[in-house]
Structures are given as C-alpha cells and as structure tokens.
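The structure appears below as structure tokens.
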Amino acid sequence: MYDTVIIGSGPAGLSAAIYGVRAGLRTLLIENTPVGGGQIATTDVVDNYPGLPGINGMELGMKFREHAAKLGCEFMEGTAKAVTASKVTLESGEEIETRTVILAMGADHRQLGVPGEEKFRGKGVSYCATCDGAFFRGKDVAVVGGGDVALGDAIYLSRFAKKVYLIHRRNEFRGARSLARQVEGISNVTLVMDTVVKSVGGEVKVRGLETENRTTGETVLIPVDGVFMAVGTRPKTDGIDGLPDMDERGYIKAGEDCITSIPGIFAAGDIRTKKLRQVITAAADGANAATSAYDYITQ
C-alpha cells in the first residue's frame, strides 16, 4: 500500500515525488519510459529555470529524477489504464493500491506534421516562445497559428526579433480581436494570411519555410532562423479510465491546490487547467499536489 502514486515523470511528477517523500509519504512514481523528464527531455536548452540558465533539458530532467530517487521515491515503468482514489491499474493488468493519486501526465504540443518539423525540433523549431524566444534576438522568425497563443507569441517575439512573420491558414485570426489589432500595428510583424507551411528547411539548423497560398497556390520560401509552432497543445488524458472532470479541451479541472472533482485524486502540471505551462509552474504544481495529498491523508 502506497500513500501516493504519481503518474508521470516530468517536472510536475518528480517535484510531487520530492515533496511527497519529504512529507513522509511512501511514494511510487509510474513512468512510461525508462528515462523520465517529460517535455524538457527533448529541449536542447532551458534558459528560464531560476539559477540554472542555459542548462540542457535532459540534464535538468535527470537532476529532478536523481533528487527524487536519492530521497527514497520508488519508480516503476508502466502505462496507467485506469485510476480510482485507491487504486491504479496498469495496461499490464497489475493493480497498485494507494491512498491518493497524483496525475502528472503532462501535455504534448500539437504538431503541423510537415517535413522537417521533427528534424529541426530544438534546432530552430520551437513550441514555446516564452521559453526559447530570447535565443533569436536580432534574427528573423516565424510564428504559425491564428489563435490567442500565436498572436501573443508574435507580440512577445517582436520585442527582440528583427522580423516576425505571422503565418495563418485563414484570412481572419481566431484569437481575440484586441490582440489582432495590436499585432497589426507592430512594424516588424508581417502577416502572411491564407497560407500554410509545407516544409521546414535547413541544414544543421532552420534556415527557412516553404509556404503555399491556399487561394493562388503560389509557393514562397520565407527565410527565417526560427519557427514557433502555436497550433495548440493536447493533454495526455487519452486511454485512462476514471479521470476527474475535464474542460472542453481535455484538461483536468483543478486549481492551484491541484484538487480535482474526485477526493483523493490530484492533478499537477500541464495536465491541469491553468494559464501558464512552464517547467517552473509544473514544479510548483507538484509541490502543491503532494501537500494536498498529505493533507487529505492526515485530515
């Protein structure tokens, strides 16, 4: 019998493990890959985690994991199939009894699925402007998307990039009109509307995008040093039965205390409803979730 079982080995799950063990909870962390770390494991450089500027994402993830392991967290490789507040069932059929469950499966950035996108991920292709934008100071970049995130990314990047191309497949933005008006008034932002990205090109790093106008069929190569994909994220909630209430996009409803609609089940990190999804906010969620789990057990 565990006091808490954590599903997911990204910053939220590992932070929850650290705080759980330190609170005296017998803690098990279930990870579906031999090496954890979550999304940061695929990030070349993390430059916004306090005190560790420029650290490699895999290295940071391993530091989190080593910290949790040193304190006494137990680890198990597996994939969760169903959860209740007192049991986690794995795809293998194994059942793990527990007093609480912390959901920390994270979220994936939606991809365009075009040639070159995966090849240059971390080498000019980014899914987080606030994470990686500073690396492109004085350079030409592109943002792909038309919602609030894409508009916000274009505004943010315009402050230090030389030029920002905002590429959207429609003639009108889906985001807030106030944001659209702001973008339209920025001198170093060029709107590329009714246009789709066909491929990402380069050698060692990104050097340009092949685009196609949806109306005319005209193909244009836009030279850029970086491209920020802002086409949404997708929470990793598929395939698990018994999850708490979710919003219309599939994120688990939970506040800063990480308490969900099911007593004894908590949600931390990118999996939960929140505004900012970063390493630091995921780590904070992990601490809050473990604390809430402890309070639930001892109340």
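Each value in this text was obtained by applying a stated rule to the coordinates, not by laboratory testing. As the structure is a computational prediction, the values presented were derived from the model and not from experiment. A quick note on method: Cβ atoms are made from the backbone with ideal geometry, for glycine too, and the neighbour counts reach across all protein chains shown.
Kirkwood analysis of the Cα pair distances in the chain returns a hydrodynamic radius of 20.2 Å.
Would you calculate a helix-derived [θ] at 222 nm for the chain, using -39,500 (n - 2.57) for each DSSP H run of n ≥ 4 and dividing by the full residue count, to the nearest 500? Each step should come with its number before you reach the end.
Values: 6 runs with 70 residues, N = 299.
Here the helix-only value at 222 nm equals -7000 deg cm²/dmol.
The calculated FRET efficiency for the pair residue 174 and residue 219, based on their C-beta separation and a Förster distance of 25 Å, comes to about 0.50. The phi torsions of the range 91-103, fed into the Karplus equation with coefficients 6.51, -1.76 and 1.60 and a -60° offset, translate into couplings of 4, 6, x, 5, 10, 10, 7, 7, 8, 8, 10, 10, 8 Hz, rounded to whole numbers, with Gly and Pro shown as x.
Of 52, 157, 243, the residue with the greatest mean-square motion in the GNM of the chain, using alpha carbon springs below 10 Å, is 52. Computed over every Cα-Cα pair of the range 15-103 and binned at 5 Å starting from 0, the pair-distance distribution P(r) comes out as 3, 13, 21, 20, 19, 14, 6, 4, 0 percent. Put the Cα centre of the range 235-299 next to the Cα centre of the range 118-178 and the gap is 28 Å. Here the Karplus relation 6.51 cos²θ - 1.76 cosθ + 1.60, evaluated at θ = phi - 60°, turns the backbone of the range 190-199 into coupling constants of 10, 7, 10, 9, 6, 9, 10, 8, 9, 6 Hz, with x for every Gly and Pro. Rounded, prolate or oblate: which fits the range 125-229, taking a ≥ b ≥ c as square roots of the Cα gyration tensor eigenvalues, rounded meaning a/c under 1.5, else prolate when a/b beats b/c? Oblate, because a/c is 1.5 or more while a/b does not exceed b/c. Of all lysines in the structure, those lying under 27 Å Cα to Cα from residue 162, and not within fewer than 8 positions of it along the same chain, are 119, 123, 139, 198, 205. Between 92, 158, 126, the Gaussian network model of the chain with springs among Cα atoms under 10 angstrom shows the greatest mean-square fluctuation at 92. Cysteines in the chain that lack a partner Cβ within the 4.7 Å cut-off: 73, 258. Counting neighbouring beta carbons within 10 Å and listing from fewest to most, the residues 168, 67 come out as 67, 168. Residues 195, 291, arranged from fewest to most other Cβ atoms within 10 angstrom of their Cβ, appear as 291, 195.
For residue 32, the residues whose modelled amide H falls within less than 5 Å of its own, excluding neighbours fewer than 5 places apart on the same chain, are 9, 78. Charged side chains reduced to their Cβ positions (Lys and Arg at +1, Asp and Glu at -1) give the chain a dipole of some 820 debye around its Cα centre.
Here the spin labels are modelled as points 7 Å beyond Cα on the Cα-Cβ line, and at residue 261 and residue 199 they lie 4.6 nm apart.
When a footprinting reagent is the concern and you count Cβ atoms within 10 Å, what order do 173, 75 take, fewest first?
Working: 173 22, 75 17.
Ranking 173, 75 by Cβ neighbours within 10 Å, fewest first, gives 75, 173.
Set Lys and Arg Cβ to +1 and Asp and Glu Cβ to -1, take the dipole of the chain about its Cα centre, and tell me which of 27, 166, 67 lies farthest positive. Going by the Cα projections, it comes out as 166.
Whole-Hz Karplus values for the range 162-170 come out as 5, 8, 10, 9, 9, 9, 9, 7, 10 Hz, taken residue by residue from phi with 6.51 cos²θ - 1.76 cosθ + 1.60 and θ = phi - 60°; glycine and proline positions read x. Listed peptides 257-263, 76-82 appear in the order 257-263, 76-82 once ranked by packing, highest mean of other Cβ atoms within 10 Å at the front.
Residue 98: net charge of surrounding residues, Cβ under 11 Å, Lys/Arg +1, Asp/Glu -1, itself excluded?
Values: positive: 26, 87, 99; negative: 3, 95, 97.
It works out to a net charge of 0.
Net charge around residue 26, counting only other residues with Cβ within less than 14 Å of its Cβ (Lys, Arg = +1; Asp, Glu = -1)?
Net charge in that neighbourhood comes out at -1.
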